[in-house]
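Presented below is the structure to which this report refers.
The values are calculated or read from the model by the stated rules, or taken from the named source; none is laboratory data. Note that the structure is predicted; figures quoted are calculated from it, not measured. Heads up, the Cβs are rebuilt from the backbone with ideal geometry, glycines too, and the neighbour counts pull from every protein chain shown.
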Amino acid sequence: MGKEDGRDQKGVTVKKSENFSEWYIQALTKSEFIDYTDVSGCFVFMPAAYAAWQAVTEAVDSRFKADGIEDVYFPLLIPEKLLLKEKEHFEGFVPEVAWVTQSGSTKLEERLAIRPTSEVLMYKSYSRWIRSWRDLPLRFNQWNNVVRWEFKHPTPFIRTREFLWNEGHSVFATEKEAEAERDVILKIYQDVLRDYLALPGIAGTKSRKETFPGAVNSYSIEHVMPDGWALQGPDFHSDGQNFAKAFEIKFLDKDGNSQYAFQNTYAITTRELGVMVAVHGDDKGLILPPKLAYIQVVIVPIYRKEAVEAVRKAVEEAYRLLKRNYRVRLDDREGYSPGFKFSEWELRGVPIRIEIGPRDAGNGKVIIVRRDTGEKRETNAADADKAVAETLELIHNELYKRAETMLKSSVHAADGYDAFKKILFEKGGIIHAPWCGDQACEDKIKEETGAKITNIPFEQEKNAAKCIYCGKEAKEAANFAKSY
């Protein structure tokens, strides 16, 4: 990358509203949130990014454990013969699988897949472990990395060859028990998206065409990016007895009869970090939600020759007070102006900047500056802890409110195909439109416009509308969008 694209300069050089794709890459790299590697589609999570993901995993995992889900870890490599056991699942992932075929100079007798997902490996074990109704439910989760190779244009977090996620794999004795887990898991994901990432989403059912390979039904939480394209977030899959029959996951019920079990799978991925950056960031760079920020507060002293010691003492006292409850960085670097430091920490998305100059030190005050709005607030140094807590909460709430407003404004209703295409090509976003439920119409809409069904929202209004494409009576209203 040369000087002409602006990426060698310190700050972001393009406006988010004018060139979202370039803004997104610059915001991620110049803030040192991620870095590139020599393997296309594989990126380095720098400390701020990995800390954000750790916060997500801890929030999700604590809720999983509270509901009785236990953590496990399964190997990275999967024998090819196991993938072949579940044909529909295998065929869905074949183009994305990366294979290990050789060890040193010795060719392996059987190819080993680098996991694109772990169903087939885990379920081989499940078939050995589950014998009786007393062994159920079995609710395991693992946090790991997976590799999926088939695409040409990787985008950090959004479309990568290696990503991090959770894989939840539950087994139940009855369909009713398995179905009940859906709402529990989706609520956990929605709560964490709202309370940690400050992100809303639209929950709903996937169409049959978009259902996960091997699943009976799939459900998702969908986002809309600033460029008007949709992006799938966390998902949940009701697998019925499909995998149980493929892997002989059977148990003796209370009457001594052999039964196939019912299963679910579910996941949240590092893709959410990309959504977070895209939705909240501005022309200055990142804006990180407080709970995910690696540094929540940065203290920047403003020295003058006549009051160096007074400022230093005030800064050290503020740092001592705040570090008890917050992730704080004291930027006392020499050779950099306060203005330079302000810009750098704004680029990195630190939620709060505290400025302390000679006048502030002399009056026992500090200046609190919000990253999201730039608003400044003067407060007594002794009250800084309380003021920071209040400000962090205000920032989170405002970020969520903005994101919710953006999402709602990105959803458009259409009751005719001409209106559908006009909205799609002129505005983008999600188009909420009646659909007959026939995949043929879904396919033709995708072929002619590039828009697919993201999901069918759980909340449906009763109407007598006609299908957006064929004019037949609509079965339901679906959300259509161009999607990453």
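The table for this structure:
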item: Lone qualifier among 362, 357 - being surrounded by 20 or more Cβ atoms within 10 Å (Cβ to Cβ) and without any contact (Cβ under 8 Å) to a residue 60 or more places away in the chain; result: 357
item: Close pairs (7 angstrom Cβ cut-off, 6 or more residues apart or separate chains): closer than 30 Å to residue 58 by Cα in segment 283-310, among the hydroxyl-bearing types (Ser, Thr, Tyr) and part of a helix (DSSP H, G or I) anywhere; result: 299/319
item: Any hit, segment 374-387, residues being in contact with a Pro (Cβ under 6 Å, 6 or more places away or on another chain) and either over 27 Å from residue 49 (Cβ atoms) or not aliphatic (A, V, I, L, M) (or both); result: no
item: Sole exception among (1) modelled with pLDDT of 95 or more; (2) more than 35 Å from the chain's Cα centre (by Cα) for residue 350, by number; result: (2)
item: Verdict on residue 393 being acidic (Asp, Glu), loosely packed, with under 13 Cβ neighbours inside 10 Å, at pLDDT 95 or above and part of a helix (DSSP H, G or I); result: yes
item: Residue 253 being surrounded by fewer than 20 Cβ atoms within 10 Å (Cβ to Cβ), within 14 Å of the chain's Cα centre (by Cα) and either more than 30 Å from residue 352 (Cβ to Cβ) or acidic (Asp, Glu) (or both); result: no
item: Residue in segment 200-217 that is within 17 Å of residue 165 (Cβ to Cβ), at pLDDT 95 or above and assigned by TED's automatic domain parsing to the domain that holds residue 132 present; result: yes
item: In segment 440-465, the residues that are of a type outside the set (A, V, I, L, M, F, W, C) and out of contact with any Lys or Arg (no Cβ under 7 Å at 6 or more places or on another chain); result: 443, 444, 447, 448, 454, 457, 459, 460, 461, 462, 463
item: Residue within segment 318-332 that is among the polar types (S, T, N, Q), without any contact (Cβ under 8 Å) to a residue 24 or more places away in the chain and either under 30 Å from residue 19 (Cβ atoms) or outside the structural domain of residue 34 (by TED's automatic domain parsing) (or both) present; result: no
item: Single residue of 283, 332 found to be within 27 Å of the chain's Cα centre (by Cα), more than 30 Å from residue 186 (Cα to Cα) and surrounded by fewer than 20 Cβ atoms within 10 Å (Cβ to Cβ); result: 283
item: Boolean, residue 431 is in contact with a helix residue (DSSP H, G or I) (Cβ under 7 Å, 6 or more places away or on another chain) and more than 21 Å from residue 231 (Cα to Cα); result: no
item: Out of 262, 236, 243, sole residue that is crowded, with 22+ Cβ neighbours inside 10 Å, in contact with a His (Cβ under 9 Å, 6 or more places away or on another chain) and closer than 30 Å to residue 133 by Cβ; result: 243
item: Which numbered condition residue 347 misses (of (1) within 30 Å of residue 192 (Cα to Cα); (2) out of contact with any strand residue (DSSP E or B) (no Cβ under 6 Å at 6 or more places or on another chain); (3) surrounded by 15 or more Cβ atoms within 10 Å (Cβ to Cβ)); result: (2)
item: Checking residue 170 against (1) outside any strand (DSSP E or B); (2) more than 19 Å from the chain's Cα centre (by Cα); (3) of a type outside the set (Val, Ile, Thr), the condition it does not meet; result: (1)
item: Given (1) over 20 Å from residue 484 (Cβ atoms); (2) at pLDDT 95 or above; (3) touching a strand residue (DSSP E or B) at 6+ places or on another chain (Cβ under 7 Å), number of the condition residue 401 does not satisfy; result: (3)
item: Failed item in (1) touching a strand residue (DSSP E or B) at 6+ places or on another chain (Cβ under 7 Å); (2) within 30 Å of residue 346 (Cβ to Cβ), with residue 287 passing the rest; result: (1)
